Amino acid sequence: MKLVVNNTLKPFVNNPELYNPFLEEIQSRIDKVHRRLEQLNDIEEVYRAQGEIRMLRAMLRLRDDINGS
């Protein structure tokens, strides 16, 4: 299953015209969550924001994961 997914996503992650705007969007979302995180008071909301950032950062590593680097 993983090999099929990797081969399906390779054209996307290796096409700078598609992948670079994707990275910019992910980074923008990380920045928004960071700003929100700075203002949170509820510890559960802090944990949720941290988890959101963690998942977004995983998406930033998508190319490396797909290409096996």
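Remarks
- Test: residue in segment 38-59 that is within 16 Å of the chain's Cα centre (by Cα), at pLDDT below 95 and β-branched (Val, Ile, Thr): no
- Evaluation of Tyr19 against (1) out of contact with any Phe, Trp or Tyr (no Cβ under 7 Å at 6 or more places or on another chain); (2) at pLDDT 95 or above (one fails), failing number: (1)
For every residue, the table says whether it meets (1) in contact with a Leu (Cβ under 9 Å, 6 or more places away or on another chain); (2) open to solvent by 100 Å² or more (accessible area, probe 1.4 Å); (3) modelled with pLDDT under 95.
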site	(1), (2), (3)
Val5	no, no, yes
His34	no, no, no
Arg61	no, yes, yes
Gly68	no, no, yes
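- Cross-chain or 6+ apart pairs with Cβ under 8 Å, segment 38-67 first and closer than 23 Å to Pro11 by Cβ, then in a helix (DSSP H, G or I) and not aliphatic (A, V, I, L, M): Leu56/Arg29; Leu60/Gln27; Arg63/Tyr19; Ile66/Asn6; Ile66/Lys10; Asn67/Lys10
The values are calculated or read from the model by the stated rules, or taken from the named source; none is laboratory data. Just so we're clear, the structure is a prediction, and the values are computed from it rather than from any experiment. When we count neighbours, we look across all protein chains shown, and the Cβ atoms used for this are built from the backbone with ideal geometry, even at glycine. Ligands, DNA and RNA are stripped out before the accessible areas are found, and what is left, the full protein with its side chains, is counted by its heavy atoms. Shrake-Rupley method; radii C 1.70, N 1.55, O 1.52, S 1.80 Å.
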